[in-house]
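**Q** Before I ask anything, here is the structure I am working with.
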Amino acid sequence: MDFKYTEEQQMVRETIREFALAELAPGVAERDEKEIYPTKAMKKLGELGFMGVTLPEELGGAGLDMISYCIAVEELARVDASTAIIISVTNSLAVYPIELFSNDNQKERFLRPLGEGKMLGAFALTEPEAGSDAGGMKTTAVKDGDDYILNGAKAFITSGINCDIVLVFVVTDKEKGMKGTSAIIVEKGTPGFEAGKRENKMGIRGSDTAPISFEDCRVPAANMLGAEGMGFKIAMTALNSGRIGVASQALGIAQASLDESVKYSKERVQFSRPIAKFQAIQFKIAKMATEIEAARMLLYSAAARKDRHENYIKEAAMAKLFCSEVAVRSALEAVQIHGGYGYIKEYPVERFMRDSKITTIYEGTNEIMNIVIADQVIGR
Ligand code: CAA
């Protein structure tokens, strides 16, 4: 693939890079240490249009293409992977499925404010006993007049505490298996909807991850996205796009690991010369740079297919699989290159190592990515 950025894509990179360095870099270590949510930065990102990157302008978004979206998430993650995942989840897992499956009323009530950055979206599929086996969900929604009554518990919800709306996947007809699942939008503050205690995580500690629960939670039937029975299809459609977002986040962490490794190896002197002069270090850096470039091209091929409205299920899964593995390998090598300094919090690479790991787990573990890829390559 012969790839060249458009002027617009280059401008997106410059804008978001500048933003990340000015607004996210100061305090990133403290937010990680103390689990502080990036409230001020999120507000500004919303004003800049980064909560609805690919949403058309007439619906309240920035109307950019998918590669611009990848660039934006990558540049955020290069500085702060926590902010990057908050942006990725609201764009890919809330705005995108709502854009695709909503009616006009839902577009005005939810999509426009999400795209304009006035609302933050979350996505609640996972349950304590239904992770990779998403179809095994148990949360129910029972029709009662003009409402549905929700009961059940969801786990590991990104922005579970700070979100304004959450797209919840529920069982509406347990006889029909996955075809008996539905997606419904629940607003924060709805009686019976509660977020639990924030999880104390290994990485991405600036973003909040929490369990949420529904106890006789009455939600207007007008909030159902698509029709009853479309839940699993909506979830998978959102996750295909989400996997591009997570791949972009992983790429940002990998790039940051490379940047820090190059900088440190030029400064650090051992045996009377910068360690960058040693082939042992040069080979590590060459491998990281090569893998990162390959990861970026794989990611852009998935993004470009999505922009062209082609099937991108396989490419998104490949991008998520490969970019996340490259992120983990690059972050580990960055720590190794930094030696003892890589193991302490004075340098950011130990945070990259902790942040990178989750990219191989969420939005479908890499084991699930292999299943998705094999299904697409071999057929069922
Ligand atoms: N895109 C579109 N359709 C898909 C799909 C995909 N990626 N994967 C499966 N499907 C479709 C299948 O084609 C099938 O459709 P038909 O019934 O029409 O044939 C249907 O979904 C059921 O598929 P399977 O028979 O393969 O179902 P399964 O139960 O054996 O496996 C799975 C499905 C792929 C493993 C799925 O459960 C899955 O993706 N699991 C991972 C869940 C996941 O990614 N969770 C992430 C949580 S969200 C999160 O992490 C967000 C965050 O906060 C950061």
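The values are calculated or read from the model by the stated rules, or taken from the named source; none is laboratory data. None of these values were measured; they are calculated from a predicted model. With ideal geometry, Cβ positions are generated from the backbone for all residues, glycine too; neighbour counts draw on all protein chains shown.
**Q** Being within 16 Å of the ligand (Cβ to nearest atom), in contact (Cβ under 8 Å) with a residue 40 or more places away in the chain and either farther than 25 Å from Ser132 by Cβ or more than 23 Å from the chain's Cα centre (by Cα) (or both) is true for just one of Val377, Val349. Which residue is that?
**A** Among Val377, Val349, only Val377 is within 16 Å of the ligand (Cβ to nearest atom), in contact (Cβ under 8 Å) with a residue 40 or more places away in the chain and either farther than 25 Å from Ser132 by Cβ or more than 23 Å from the chain's Cα centre (by Cα) (or both).
**Q** Of Lys266, Lys197, which residue is surrounded by fewer than 22 Cβ atoms within 10 Å (Cβ to Cβ), closer than 21 Å to Ala130 by Cα and at pLDDT 95 or above?
**A** Numbers: Lys266 fails: closer than 21 Å to Ala130 by Cα.
Among Lys266, Lys197, only Lys197 is surrounded by fewer than 22 Cβ atoms within 10 Å (Cβ to Cβ), closer than 21 Å to Ala130 by Cα and at pLDDT 95 or above.
**Q** Right, next: Restricting region 112-134 to residues that are closer than 16 Å to Glu47 by Cα and surrounded by fewer than 24 Cβ atoms within 10 Å (Cβ to Cβ), which is nearest to the ligand (Cβ to nearest atom)? Step through it out loud before you land on a result.
**A** Taking region 112-134 as the starting set, the residues that turn out to be closer than 16 Å to Glu47 by Cα are 112-121.
Adding the requirement that they be surrounded by fewer than 24 Cβ atoms within 10 Å (Cβ to Cβ) leaves 112-113, 116-120.
On the way: Arg112: 23, Pro113: 20, Glu116: 22, Gly117: 19, Lys118: 21, Met119: 17, Leu120: 13 Å.
Taking the candidates together, the pick is Leu120.
**Q** Among the residues of region 191-202, is there at least one that is within 23 Å of the chain's Cα centre (by Cα), in a strand (DSSP E or B) and within 16 Å of the ligand (Cβ to nearest atom)?
**A** Yes: region 191-202 contains one or more residues that are within 23 Å of the chain's Cα centre (by Cα), in a strand (DSSP E or B) and within 16 Å of the ligand (Cβ to nearest atom).
**Q** Among (1) part of a strand (DSSP E or B); (2) on the phi > 0 side of the Ramachandran plot; (3) out of contact with any strand residue (DSSP E or B) (no Cβ under 7 Å at 6 or more places or on another chain), which single condition is Lys143 missing?
**A** Looking at each condition in turn, Lys143 falls short on (2).
**Q** Only residues that are part of a loop (DSSP other than H, G, I, E, B) and within 13 Å of the ligand (Cβ to nearest atom): list them for region 153-166, please.
**A** Residues satisfying the conditions are Ser159, Gly160, Ile161, Asn162, Cys163.
**Q** Return yes or no: is Ile86 farther than 12 Å from Val246 by Cα, within 16 Å of the ligand (Cβ to nearest atom) and either touching a helix residue (DSSP H, G or I) at 6+ places or on another chain (Cβ under 7 Å) or among the basic types (Lys, Arg) (or both)?
**A** Here the answer is no, as Ile86 does not meet what is asked.
**Q** Identify, please: which residue in region 305-357 is part of a loop (DSSP other than H, G, I, E, B) and not hydroxyl-bearing (Ser, Thr, Tyr) and is, among those, surrounded by the fewest Cβ atoms within 10 Å (Cβ to Cβ)? Working first, answer last.
**A** Residues of region 305-357 part of a loop (DSSP other than H, G, I, E, B): 308-312, 344-348.
Going one step further and asking which of them are not hydroxyl-bearing (Ser, Thr, Tyr), we end up with 308-311, 344-346, 348.
Details: Arg308: 9, His309: 7, Glu310: 9, Asn311: 11, Ile344: 10, Lys345: 10, Glu346: 10, Pro348: 22.
So, considering only residues that are part of a loop (DSSP other than H, G, I, E, B) and not hydroxyl-bearing (Ser, Thr, Tyr), the one surrounded by the fewest Cβ atoms within 10 Å (Cβ to Cβ) is His309.
**Q** Looking only at region 124-140, which residues are assigned to a loop (DSSP other than H, G, I, E, B) and either over 30 Å from Ile371 (Cβ atoms) or charged (D, E, K, R) (or both)?
**A** Glu129, Asp133, Lys138, listed by residue number.
**Q** Moving to a separate point now. Residue under question is Arg218, and the condition is that it be touching a helix residue (DSSP H, G or I) at 6+ places or on another chain (Cβ under 8 Å) and charged (D, E, K, R); does it hold?
**A** In short, no.
Residue-by-condition table, conditions (1) within 16 Å of the ligand (Cβ to nearest atom); (2) at pLDDT 95 or above; (3) not polar (S, T, N, Q):
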site	(1), (2), (3)
Asp146	no, yes, yes
Asn151	no, yes, no
Thr172	no, yes, no
Lys179	yes, yes, yes
Glu187	no, yes, yes
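Table: residues versus (1) away from the ligand (no atom under 16 Å from the Cβ); (2) more than 25 Å from Val73 (Cα to Cα); (3) buried (at least 20 other Cβ atoms within 10 Å of the Cβ).
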site	(1), (2), (3)
Gly231	no, yes, yes
Leu239	no, no, yes
Ile253	no, no, yes
Ser261	yes, no, yes
Phe278	yes, yes, no
Ile285	yes, no, no
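**Q** Pairs needed: first member in region 117-139, touching a residue at least 24 places away in the same chain (Cβ under 8 Å); second member anywhere, buried (at least 22 other Cβ atoms within 10 Å of the Cβ) and among the charged types (D, E, K, R); C-beta distance under 9 Å; at least 6 residues apart or different chains.
**A** Close Cβ pairs satisfying both conditions: Ala124/Lys154; Leu125/Lys154; Thr126/Lys154; Glu127/Lys154; Pro128/Lys154; Met137/Lys154; Thr139/Lys154.
**Q** Within region 112-123, does at least one residue satisfy the condition of being closer than 20 Å to Met236 by Cβ and either out of contact with any Ser or Thr (no Cβ under 6 Å at 6 or more places or on another chain) or of a type in the set (D, E, K, R) (or both)?
**A** Looking for residues that are closer than 20 Å to Met236 by Cβ and either out of contact with any Ser or Thr (no Cβ under 6 Å at 6 or more places or on another chain) or of a type in the set (D, E, K, R) (or both), one finds at least one in region 112-123, hence yes.
**Q** Every residue in region 210-229 that is part of a strand (DSSP E or B) and within 15 Å of the ligand (Cβ to nearest atom), please.
**A** Of region 210-229, the ones part of a strand (DSSP E or B) are 210-220, 224-225.
Of everything in region 210-229, those that are part of a strand (DSSP E or B) and within 15 Å of the ligand (Cβ to nearest atom) turn out to be Ala210, Pro211, Ile212.
**Q** Let me ask something additional. Got a sec? Which of Ala227, Ala141, Ala222, Ala155 is modelled with pLDDT of 95 or more, under 26 Å from Lys357 (Cβ atoms) and of a type outside the set (Asp, Glu)?
**A** Exactly one of Ala227, Ala141, Ala222, Ala155 is modelled with pLDDT of 95 or more, under 26 Å from Lys357 (Cβ atoms) and of a type outside the set (Asp, Glu), namely Ala155.
**Q** If Met137 satisfies every condition in (1) more than 28 Å from Leu45 (Cβ to Cβ); (2) surrounded by fewer than 22 Cβ atoms within 10 Å (Cβ to Cβ) but one, which is the exception?
**A** (2)
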